[in-house]
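Asks: One structure coming up, written as structure tokens, with questions to follow.
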Amino acid sequence: MLTTMVFLRSFSVLVISDEADRIYKIFNSVGISIRKSRKANPGSIHDFSNYDIAFLDIDSEGWQKRLNELKQYMPVISFGKPDIKKAVESMKLGATDFLPKPLRDDLVASVFERFKDQPKVDIPDLIGVSRIMEDVYCGIRKAALTDSNVLITGESGTGKELVARAIHNLSERKDKPFIVINCTAIPDSLLESELFGFEKGAFTGANYTKKGLIEWAHEGTAFFDEIGDVSPLFQTKILRVIQEGEFTRIGGNYPIKIDVRFIAATNKDLVKACKEGTFREDLFYRLNVINIELPPLRTRKEDIPVLTDFFIKKHGNKRKDLVVKGITDEALDILMNYSFPGNVRELENIIERAIAFTNSTEITVKDLPAYLLKNSNLKKIHQGSLRQAVSTFEKELIWSALQKSKGNISKAADLLGIHRQQLQRKLKQFKIAT
């Protein structure tokens, strides 16, 4: 069995098949350049970080196990002899698509066309094509395959609740409740009542039996939002539930067993809090079985264009007098040069505000908040001859296109409306490194 790495634009493709040599020819026929790797036993491959997509032959032995492993890291295209039962099984196990043998050139080409602008691992409701976000997506996939507790860390506004929901929705608990417990909104005086509920007659005014939030999450997921801000009493109460899988309602005479998966999120440094004695170390280790750390937006600026486009589509219809469809290059450049202390939440707020203020179908520089313009580090065209001005403007356009295409020369050339060879000559002329 042969594994290969194939390159198409920014793609690298893992092929696992006894018929790899024939598949090489198919890739070549649709314009994909190939670099063969040495022969390897697929069972020995543990690092899939260099691959963007996999082609898996389901006529090979042990393909189910291989598919379960690969799907955590990248889209998997299963292919094999026309067999409806096996094709359906591969899709149920997580294959993105199935192609019948013999593979047709047009179908193979359509696969790459479909995935050229998508992240390796697609997680619904999460936006980002950067390498650092692909690592987050892989972590989500892995967490979804287990029932272990998860601690999601990251700055405010990075999307911790979205990640928690993604883990739940990709897990076997997806059809069961996802209960959000806003830790900072529950005072200690109401803690037991809110978390565990009470029996009828437990205290004055208890005229009915009430289920608590933990019980509502039975067979599903309980999400503790901002767990780093809870009181010592809160920590003590939930520790027993997590350890024992049971609780007792106020006024109850017997414990109630529950089956709950716990996910917690915080923007605090809990390791430091444990050392300072403000957070229980035993609770930290109960929650931190799997840790997913969300990166701040300033470390993944290549995601700003796709996030901006997403938020324009999300909020564009809020204007009743015009349809906002995009953003000018100048306005996008200002966003790309901003540090975003409020992360993705701040970007969404900026876009929604700009849509409300703009007088055109595109968001322009004057539609952005004033503080963004003050902090803008945009380069300005220097005074001088017309030739110098044109040359400087050309450099700025090329640099902007390279940023948007994440260094992909072919895509940058398309954005500029010129041939790839022309762009390569310009890069050499202006001594722009890629």
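Asks: Within 14 Å, Cβ to Cβ, of E199, how many net charges do the neighbouring residues add up to if Lys/Arg are +1 and Asp/Glu are -1? Show your work: numbers first, answer last.
Replies: Values: positive: K200, K210, K211, R249; negative: E192, E215.
Neighbourhood net charge equals +2.
Asks: Would you please give the residues with an amide H less than 5 Å from that of E293, counting only those at least 5 places away or on a separate chain, with H modeled from the backbone geometry?
Replies: For E293, the qualifying residues are T153.
Asks: For region 167-256, give me the percentage of DSSP beta bridges that are antiparallel, rounded to the nearest 5 percent. Don't skip to the end; give the middle numbers.
Replies: On the way: 3 of 9 bridges.
Roughly 35 percent of the beta bridges in region 167-256 run antiparallel, per DSSP.
Asks: Same structure again: Once a ≥ b ≥ c are taken as the square roots of the eigenvalues of the Cα gyration tensor of region 176-233, is the result rounded (a/c under 1.5), prolate (a/b larger than b/c) or oblate (a/b not larger than b/c)?
Replies: Verdict is oblate for region 176-233.
Asks: Can you list residues from other chains, or at least 5 along the same chain, whose modelled amide H is less than 5 Å from the amide H of S360?
Replies: Excluding prolines and chain starts, which carry no amide H, there are no hits.
Asks: Excluding G326 itself, calculate the net charge of residues whose Cβ lies under 9 Å from the Cβ of G326, where each Lys or Arg counts +1 and each Asp or Glu counts -1.
Replies: With Lys, Arg at +1 and Asp, Glu at -1, the neighbours total -1.
Asks: Using only C-alpha atoms and all pairs of different ones, pull out the Kirkwood radius for region 190-279 in Å with one decimal. Walk me through the numbers before you get to the answer.
Replies: Details: mean 1/r = 0.0709 Å⁻¹.
In region 190-279 this quantity evaluates to 14.1 Å.
Asks: Could you quote the convex hull projected area for region 230-282, Cα atoms only and averaged over all directions, in nm²?
Replies: Numbers: hull surface 17.4 nm².
Averaged projected hull area, Cα only: 4.4 nm².
Asks: Further question: Cross-link list K160/K318; K25/K426; K71/K426; K176/K411; K313/K426; K160/K404: which exceed 32 angstrom alpha carbon to alpha carbon? Intermediate results must be reported in sequence, preceding the final value.
Replies: Working: K160/K318 26 Å; K25/K426 34 Å; K71/K426 40 Å; K176/K411 43 Å; K313/K426 34 Å; K160/K404 26 Å.
Long pairs (Cα-Cα over 32 Å): K25/K426; K71/K426; K176/K411; K313/K426.
Asks: Taking Rh as the Kirkwood radius computed over C-alpha pairs, what is the Stokes-Einstein D of region 263-374 at 37 °C in a medium of viscosity 0.692 mPa s, expressed in µm² per second?
Replies: Working: Rh = 16.2 Å.
Answer from the Stokes-Einstein relation: 202 µm²/s.
Asks: How many times 2.2 N^0.38 Å is the alpha carbon radius of gyration of region 97-249?
Replies: Values: Rg = 21.1 Å, N = 153, 2.2 N^0.38 = 14.9 Å.
Taking N as the residue count of region 97-249, the ratio is 1.42.
Asks: How much net charge surrounds T221 when only the other residues with a Cβ under 13 Å from the Cβ of T221 are counted, with Lys and Arg +1 and Asp and Glu -1? Walk me through the intermediate numbers first.
Replies: Details: positive: R165, R173, K174, K176, R261; negative: D147, E161, E172, D175, E219, D225, D259.
Neighbourhood net charge equals -2.
Rule-based calculations on the coordinates, nothing more; no lab input. Predicted model, so just to flag it, every value in this text is computed and none were measured. For neighbour counting, all protein chains shown are included, and Cβ atoms are generated from backbone atoms with ideal geometry for every residue, glycine included.
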